[in-house]
1. Once phi is turned into ³J(HN,Hα) by the Karplus curve 6.51 cos²θ - 1.76 cosθ + 1.60 with θ = phi - 60°, what whole-Hz value does each residue of the range 30-40 show in order, with x for glycine and proline?
2. Relative to a virtual label point 7 Å from the Cα of A189 in the Cα→beta-carbon direction, which members of the range 226-242 show backbone nitrogen distances below 13 Å?
3. May I ask for the Kirkwood hydrodynamic radius of the range 1-118, worked out over all distinct Cα pairs and given in angstroms to one decimal?
4. Distance in nm between label sites at N142 and S236, each 7 Å beyond Cα in the beta-carbon direction?
5. Which whole-number percent of Cα pairs in the range 57-114 have a distance greater than 16 Å?
6. Carbon and sulfur: what percent of the chain's accessible surface (1.4 Å probe)?
7. Starting at 0 and stepping by 10 Å, how many percent of the alpha carbon pairs of the chain end up in each bin?
8. Among N237, P108, G89, flag the residue with its Cα farthest along the positive direction of the charge dipole of the chain, charges on Cβ as +1 for Lys/Arg and -1 for Asp/Glu.
Amino acid sequence: MQERPYVISIAGFDPSGGAGLLSDSKTFEQSKVIGLGVCTALTLQTASKCLSLEWRPIDEVTEAIQVLMENYSVSAVKIGIVKDAEYLGKIVETVQKGNSEVKIVWDPVLKSTSDFNFFDLETLPQLKKIVHKLSLITPNYNEYTVLKENNLLPDTHQCALLIKGGHREDHLGTDILVENGKEILLAPAERNTTYFPKHGSGCVLSSAITAELAKGKNMETACRNGKLYIEKFLKSNSSLLGTHS
């Protein structure tokens, strides 16, 4: 009998293994869920820069999602890089056709740390009709600012919002969870610990939270547990590629 819940990562392939599908898969394994994967894009990148990106046709992506949803009892889905709002909308629609109760977490990666653009910002207005279908979105502080400026923040009574604090100049490392109209500050567990910047840390955090939701944790507990996971990851070594344990 299958004891671990199934989780799908719908994300890009990063050959360095630090972000995207490979990173999510490592996180899922350590979080004691079974990770499945659907590739949205093939990238050529290292831990420090992204050189190129090739999007997979949306029909191929949705077909793969449909096959997995039909054959596995999927509890939660994490979505990473997507081409634009229409691409995201079709992914969400396909997932919910397979299971209307599935938890969906979107990590809205608009561009890489090295300023490589992933998401077509001209389609931002179309997100308004999509975000309410999600369980959680996890923008970093810069992405949160873009969404806020475009009036695209979700109705918190329908979708929770986790603002990641890794890019903040004030209160560095403090995340903010907004759920049901209430703000919850998630401060670092250890303030005197050295945390090293890591390629793909946003992917790791969102996939760790997704795993916790799949195991039945409520949103606040899932985010707190995910934060403990990412803090361990950030102090794993001094390089840009962290290790999972």
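The values are calculated or read from the model by the stated rules, or taken from the named source; none is laboratory data. From a predicted model like this one, the values you see are computed outputs, not experimental measurements. We place every Cβ from the backbone using ideal geometry, glycine too, and count neighbours over all the protein chains shown. Note: accessible area is taken over every heavy atom of the protein model, side chains too, but ligands, DNA and RNA are not part of it. Shrake-Rupley method; radii C 1.70, N 1.55, O 1.52, S 1.80 Å.
1. Per-residue couplings from phi come out as 5, 8, 6, 10, 9, x, 10, x, 10, 8, 8 Hz.
2. 226-236
3. Details: mean 1/r = 0.0692 Å⁻¹.
Result for the range 1-118 stands at 14.5 Å.
4. Inter-label distance under the simple model: 2.3 nm.
5. Roughly 42 percent, rounded to a whole number.
6. Working: 5660 of 11780 Å².
Exposed carbon and sulfur together represent 48 percent of the surface.
7. 8, 35, 41, 16, 1
8. The residue sitting farthest along the positive end of the dipole is N237.
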